[in-house]
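For reference, the structure is listed below as structure tokens.
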Amino acid sequence: MRASSWFKRFFDSPRLVCGLAGLMMAAASILTHLDQLIDLQTTNLFFKNIGARFAPDNRIVLLSIDDVALQILEPQFGRWPWPRTQLARLIAACQEARAIGVDILLPERDQASPQNDQELAVALRSNGRVALAGTFVEDLVRSAKTMESSVKTSPFPNSSRPIFIHHLHAQFLPPIPLFAGAAAAIGHANFRASEDQLLRAYSFYETTDRGLLPSLAIATLQAASLNPSVPGNWDDRELVYYNTPFARYSAVDILKKTGSRVAPAWMRDKLVLIGVEAHGLYDLRATPIGTRSGLEIHATALSNWLQGIRLLSLPPWIIWLGACLAGLLPLVQWDMQMRRMVFWWLLAGTGYIALAGLAFHFATLRLPVAAPLLASLAGIFSRLAIVLNREKQRRLQLEELQKMKQMLNNMLLHDLNAPLSNMIMLVESALSTANEKGQRRLTDALAEGRRLAELLHTLLDIQRMESGHGKLRLVQFNWSDLVQDTWRRLAAQAEKGELTPEISVEGTPSEMEGDTGMLGRVLQNLLDNALQHAAPQTTVVCKTQFDTPHPGWLTFRLMNHGPVIAPEDQTRIFEPFIQAKNLKAGLSRRHGLGLGLAFCKLAIFAHHGKLRCVSPIPEWNDGVAFEVALPLKQANPPDAKSPDAKSK
């Protein structure tokens, strides 16, 4: 029994519920692709606006066959592809370079001029430090002769069969044997985009059925006799792109020998990458910092390797742990207001993003942004759910207390009704036998008793109408006659205050439908209230309008020259036990409990009508007016907007 009670209390804890919700949201933020997309976009922003603190390695030079070279040399060599003798000239011009990487595919012989192939092969052998590029071809169907060529030109020693990359369903297509035999190294020139179609990673090595196949960047290092190592985690590594450009020369400067930049030793001990960068001819790739040519991407990978830099990421278990802690962070200050917690979340999130930018710039460390922020936001939402649940429980408790209060009030009012009625009957019977002095006192006591009975009945009616149990006794009656009868009952009070009535009717009088007892009490309360607070020797106006300004409605307006009611009190005075502040110290000598107008509001609402207070009266610039709008027929409930259309 104790164990089950402890178990229930444990899982009813708001902190635990919030914590579990935060943990689940943290897990969801890692397992879904949403956090990956946010992290990738954040990395793009860091690359473009912050960048890494590294500059490209100055040992790397790009020799570009660009638009200028094609335009100037087209009359001499024709359109691309040029004769391979021109590529041989470019290689010969880089004789003092440490190594050369050629990002131009040479998978077929020159059928028009085989002598050109021989000259290029001589240039390759003469240099001895040239790396050539091959590519992967999917679903390659090759002849036996071509297959034999691919075996002979394989970058793997003692090979007897073609090279296949099973995870790409492709086969490696190397240069022809004449060039491959003269090259110092061969590497692949392929790229693979990430899930957002941006080129982020570079395959320094591809795993084949024959072992690891180097990329063009690694093959260039091999041609330079740098003999790069093969760490297991460098086969597919994210690149760190540079915001500053590489040193770049145009092929036209070499082939035409123009420009002051061309010198005999201009590429001494440099790693030269030769490739096509003319528009429409080169492989344009989308990267986090914009579009880049394939030649520049190979140069970026080569520079990253030489500088020993890479874009680092945290291990998954650290990301999980950080997300979980971020999800539990809202529990640290459980009593903090939600507005303040959201403010601190925004402040902490901004600071964390700034920290991630600094880590990216100085340490090339990519901190996860989405997982901790989404997890902490999940913690805030889970806490908000707990707060809302608490508010709901508190509201339910208040409703229960309100029901108990109403029940006790009903019991108390009903219990008071019987003895009060008996007391009034006893006072009435004692009046006949009392002397003159006693009769005066008993008369005053009877008036107060009847007033108390009236208040008691008003409270009972208010509670019945608020609970929806009040029923209307609908009959046909004349509103003007009801107004006249009510005024006659209060004529003595009007004469005492030297007040002059002004009763008017506009439109065609007609009978209406309603509860005469309830509406008669409404008129009596409103007239009594107007007479009490009217200034002496003034006029009290009762104005009734039929079918004006709304067909099927009547509008009753009661106006007096009393004290002005403040705007903030003009709606509060219709609440039970509420009176206007300026009326409490006004002209009246007798004050009620603030129930009369509350009863009037509920009674008019029960007849599908409207009641409002206007003060000061626009025509008089002082006084108070109560406006009642009632439908003449209760069978068809009116449009609630119609009575107040003018006032709104």
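Under 1.5 on a/c is rounded, so check that first for region 76-138, then, if it is not, pick prolate when a/b is larger than b/c and oblate when it is not; a ≥ b ≥ c are the square roots of the alpha carbon gyration tensor eigenvalues.
Details: a/c = 1.69, a/b = 1.14, b/c = 1.48.
It is oblate, given that a/c is not under 1.5 and a/b is not larger than b/c.
Report, by chain and number, residues whose modeled amide H sits under 5 Å from the one on His188, excluding near sequence neighbours (fewer than 5 apart, same chain).
Those lying under 5 Å, H to H, from His188 are Gly134, Ser215, Leu216.
Per residue, how large is the accessible surface of region 467-565? Use a 1.4 angstrom probe and give square angstrom. Please report the intermediate quantities before stating the final value.
Working: 4730 Å² over 99 residues.
The answer is 48 Å² per residue.
Quick check: at a probe of 1.4 Å, how many percent of the accessible area of region 166-229 sits on carbon and sulfur atoms?
With neighbouring chains kept in place, the figure for region 166-229 is 52 percent.
When Lys and Arg each count +1 and Asp and Glu each count -1, what net charge do the other residues less than 13 Å away from Ala434, Cβ to Cβ, add up to?
Charge balance in the 13 Å sphere: 0.
Find, among the chymotrypsin sites (Phe, Trp or Tyr not before Pro) in region 538-581, those assigned to loop by DSSP (not H, G, I, E, B) with at most 14 other beta-carbon atoms within 10 angstrom.
Phe577
Could you sort Lys543, Lys633 by their accessible area in this structure, using a 1.4 Å probe and putting the largest first?
Lys633, Lys543
Taking only protein heavy atoms into account and a 1.4 Å probe, give the accessible area per residue of region 97-142 in Å².
Per-residue value: 51 Å².
The values are calculated or read from the model by the stated rules, or taken from the named source; none is laboratory data. Nothing here was measured: the structure is a model prediction, and the numbers come from that model. Quick reminder, even Gly has a Cβ in these numbers, built from the backbone with ideal geometry, and neighbours come from all protein chains shown. For accessibility, only protein heavy atoms count, side chains too; no ligands or nucleic acids. Shrake-Rupley method; radii C 1.70, N 1.55, O 1.52, S 1.80 Å.
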